[in-house]
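A short worksheet on the structure shown next.
The values are calculated or read from the model by the stated rules, or taken from the named source; none is laboratory data. Just so it is clear, the structure is predicted and the values come from calculations on it, not from any experiment. Quick reminder, even Gly has a Cβ in these numbers, built from the backbone with ideal geometry, and neighbours come from all protein chains shown.
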Amino acid sequence: MKYYRVWKALLKIRFQNLMMFRLGFWGPFFVDGSLFLVQLAVFDAIYANVDRIGSWGRGEMILYIGTFSLINAVNMVVYFFGVNGITSKIKSGEMDLYLTKPVSPLFRLTFERMNPGSLPLLVFSICIIGYGVRAAGISVSAGRVLGYLFFLGIMILLYYEMEVLIRSVAFYLVSNARMEQLEEAGLELCMNLPGIAFYGIYKFVFYCILPYGIMATLPVQSLIGEMSWGTAAFGIAVVCAFSGLTALVWRNGMRHYNSASS
Amino acid sequence: MREMRKYREIMHVYIKSQLAWRADVVFNMLFTVAKILFAWLLWGMVFRERNTVADFTFHGMLSYYIVSSFLSQLEMSGGISGEISARIRNGTFSNYMVMPVSIEGYFAAMEVGVVLFYLCFDLLAAMVWIFVFRIQFLFARSAVVLGCALLMTVLGLFFMVQLNYFLGILTLKYEEISTFLMIKDNLVSLVTGTIVPLALFPEGVVGVMRLLPFYYVTYLPSMLFTGRCAEEAVRGLVVLGLWCVLMQWAIVVTWRKYRVKYDGVGV
């Protein structure tokens, strides 16, 4: 209950802050919206020349883009702008302020910079998903939708954990710019390329080390009925493993934190 | 001649300053693999079931990605608009205004310095990826086509400097342009053909893109270097040249009109 009240207060403050810059309010929506429109155009061009990429047709690929867009939209609305500031707060010693507050520092960092301006991205993504379902001609059952929502939920959690994990490296190293560069490159690659394209060492890297390859792939596979029990168990195991790792790195990082000298 | 010496000096300063960030050089080289890996995996899967796509063979497609990735890596003028915008907003753009050189010339010389520095490293990276991914690299054999492609690359880089300079000075009027710059980056990656070759788009769309300068910045030079679209080379140079003139005119008009709005104390 206490955390709910804090969350509500953070949202109110953030709203007041954002409304001062009304044009910037919708900025993330336009930027990310254009990114996913470009992706749709790219795959439309590819599918104008080929029928299938692996086992996926145009509809499945639209579904993939919509799902990645939805995961990204939740990220932008809820936690991206807060989590993104972790590195600078560790380096500048500003983290001190968070340690003195009567709530978890990570909770406050996660929710202090929510961005309601990105909400249209959620609607936009749902429209793409709807279009993808129609284009793929999938017969949607309640079981499949539940499976999709379950995997979508845990992949949103995984996305969040990856962001926190990469920025927590700043507790231990002087600069984690390379880690963020790696995150950007991995995300860019996997936004354009579904997990079904990976094999061998690439599959290991993008499924287990930088698991961006499974983030939109598993929800889509569960919706189109392409997911085996083994794949489902693997997806859940990866999320559990990264949850443990993120908690461990964050807790140890907080102990390692030495104020401005970090 | 004395004027040129000033710009040469700016260029030298930027070549030297790149040496201070050696890790950046190494990581920039390493991250060029992302585009090649994307092409290798995506098109590898597509070409398992067919031999050609839009007249590209598998190795032709990968050769295209090697060259376009190399050229897009060389295009580093995106920071110019951000730098100008930030300087105008915080009031330190005066630093550039008091220099005894043209501001646009300063940024062009800076870009030349950075590009010259990265040229050999990016070339090295491209050769490494050709070797690692065992690509049977296709390369144009005609000296004329190669000459046109080289000239188009230089003009394309200059056009992007002009464009980013122009967008940067628009801050004098619009104050906040960062959102617009990010949208521009997303769109430019599509229309320059760095994500997929523009030949995959319907003929009507390609026809429209031929009228825009972006077609000639990365896409057409990449096609020319890999031995395709030779018939478009000369027309491409003319169109891109015209766009450079047009953009220069836009810069001059915008600068004259809005320069007086800058008061040197930030907005």
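Scanning region A:15-25 turns up one or more residues that are polar (S, T, N, Q), free of Cβ contacts under 8 Å to residues at least 60 places away in the same chain and more than 13 Å from every other protein chain (Cβ to nearest Cβ). Among the helices (runs of 4 or more DSSP H) lying completely within region B:1-118, list those that include at least 1 residues that are under 29 Å from B:LEU198 (Cβ atoms), within 14 Å of chain A (Cβ to nearest Cβ) and in contact with a Phe, Trp or Tyr (Cβ under 7 Å, 6 or more places away or on another chain). Those helices (runs of 4 or more DSSP H) span B:22-31, B:33-46, B:58-74. Here B:LEU246 fits the description: in a helix (DSSP H, G or I), more than 15 Å from B:GLY147 (Cβ to Cβ) and not β-branched (Val, Ile, Thr). A residue that is within 24 Å of the chain's Cα centre (by Cα), within 14 Å of chain B (Cβ to nearest Cβ) and more than 27 Å from A:LEU173 (Cβ to Cβ) cannot be found anywhere in region A:74-87. In region A:238-261, which residue that is small (Gly, Ala, Ser) and either in contact (Cβ under 8 Å) with a residue 40 or more places away in the chain or in contact with a strand residue (DSSP E or B) (Cβ under 6 Å, 6 or more places away or on another chain) (or both) is farthest from A:THR110 (Cα to Cα)? Of everything passing the filter in region A:238-261, A:SER261 is farthest from A:THR110 (Cα to Cα). For B:GLU3, the criteria (1) of a type in the set (Asp, Glu); (2) farther than 23 Å from B:LYS184 by Cα; (3) buried (at least 18 other Cβ atoms within 10 Å of the Cβ) hold in every case but one, which is (3). Quick check on region A:141-150. Is at least one of its residues at pLDDT below 95, within 13 Å of chain B (Cβ to nearest Cβ) and part of a helix (DSSP H, G or I)? Within region A:141-150 (the criterion being at pLDDT below 95, within 13 Å of chain B (Cβ to nearest Cβ) and part of a helix (DSSP H, G or I)), the answer is no, since none of the residues qualifies. Scanning region B:220-235 finds one or more residues that are buried (at least 18 other Cβ atoms within 10 Å of the Cβ), away from chain A (no Cβ under 14 Å) and acidic (Asp, Glu).
Exactly one residue out of A:VAL50, A:VAL42, A:VAL31, A:VAL38 is at negative phi, in a loop (DSSP other than H, G, I, E, B) and at the interface with chain B (Cβ under 8 Å from one of its Cβ atoms), and it is A:VAL50. Scanning region A:120-148 for residues that are aliphatic (A, V, I, L, M) and surrounded by fewer than 16 Cβ atoms within 10 Å (Cβ to Cβ) yields A:VAL123, A:ILE126, A:VAL140, A:ALA142, A:VAL145, A:LEU146. Answer yes or no as to whether A:ILE53 is modelled with pLDDT of 95 or more, surrounded by 18 or more Cβ atoms within 10 Å (Cβ to Cβ) and touching a Pro at 6+ places or on another chain (Cβ under 9 Å). Against the criterion (modelled with pLDDT of 95 or more, surrounded by 18 or more Cβ atoms within 10 Å (Cβ to Cβ) and touching a Pro at 6+ places or on another chain (Cβ under 9 Å)), A:ILE53 does not qualify.
Counting just the residues of region B:133-166 that are in contact (Cβ under 8 Å) with a residue 24 or more places away in the chain and of a type in the set (Val, Ile, Thr), which one comes out nearest to B:ARG210 (Cα to Cα)? Out of the qualifying residues, it is B:THR153. When B:LEU163 is tested against the conditions (1) crowded, with 24+ Cβ neighbours inside 10 Å; (2) within 14 Å of another protein chain (Cβ to nearest Cβ), the lone failure is (2).
Is it true that B:THR57 is among the β-branched types (Val, Ile, Thr) and more than 30 Å from B:ARG235 (Cα to Cα)? When the stated conditions are applied, B:THR57 does not pass them. Checking each residue in region A:59-79 for being surrounded by fewer than 22 Cβ atoms within 10 Å (Cβ to Cβ) and more than 15 Å from A:PRO120 (Cα to Cα) picks out only A:GLY59. Among the criteria (1) within 30 Å of B:TRP255 (Cα to Cα); (2) of a type in the set (D, E, K, R); (3) part of a helix (DSSP H, G or I), the one B:GLU232 does not fulfil is (1).
Looking across region B:55-72, the residues that are under 24 Å from the mean Cα position of the chain (by Cα) and either more than 23 Å from B:PHE201 (Cα to Cα) or of a type in the set (Val, Ile, Thr) (or both) come down to B:ILE66, B:VAL67. One residue alone among B:MET45, B:MET99 is in contact with a strand residue (DSSP E or B) (Cβ under 7 Å, 6 or more places away or on another chain) and either surrounded by 15 or more Cβ atoms within 10 Å (Cβ to Cβ) or more than 30 Å from B:LEU224 (Cα to Cα) (or both), and that residue is B:MET45.
Matching residues to (1) under 27 Å from A:TYR212 (Cα atoms); (2) of a type outside the set (Val, Ile, Thr):
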| position | (1), (2) |
| --- | --- |
| B:GLU3 | no, yes |
| B:MET11 | no, yes |
| B:TYR14 | no, yes |
| B:VAL26 | yes, no |
| B:MET29 | yes, yes |
| B:ALA34 | yes, yes |
| B:TRP40 | yes, yes |
| B:ILE66 | yes, no |
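Screening B:ALA54 against (1) buried (at least 18 other Cβ atoms within 10 Å of the Cβ); (2) over 30 Å from B:LEU116 (Cα atoms) leaves a single unmet condition, (1). B:MET127 falls short of the stated requirement of being under 15 Å from the mean Cα position of the chain (by Cα) and away from chain A (no Cβ under 14 Å). Would you mind stating whether B:LEU211 is of a type in the set (A, V, I, L, M), outside any helix (DSSP H, G or I) and either within 19 Å of the chain's Cα centre (by Cα) or within 14 Å of chain A (Cβ to nearest Cβ) (or both)? Spelling it out, B:LEU211 is indeed of a type in the set (A, V, I, L, M), outside any helix (DSSP H, G or I) and either within 19 Å of the chain's Cα centre (by Cα) or within 14 Å of chain A (Cβ to nearest Cβ) (or both).
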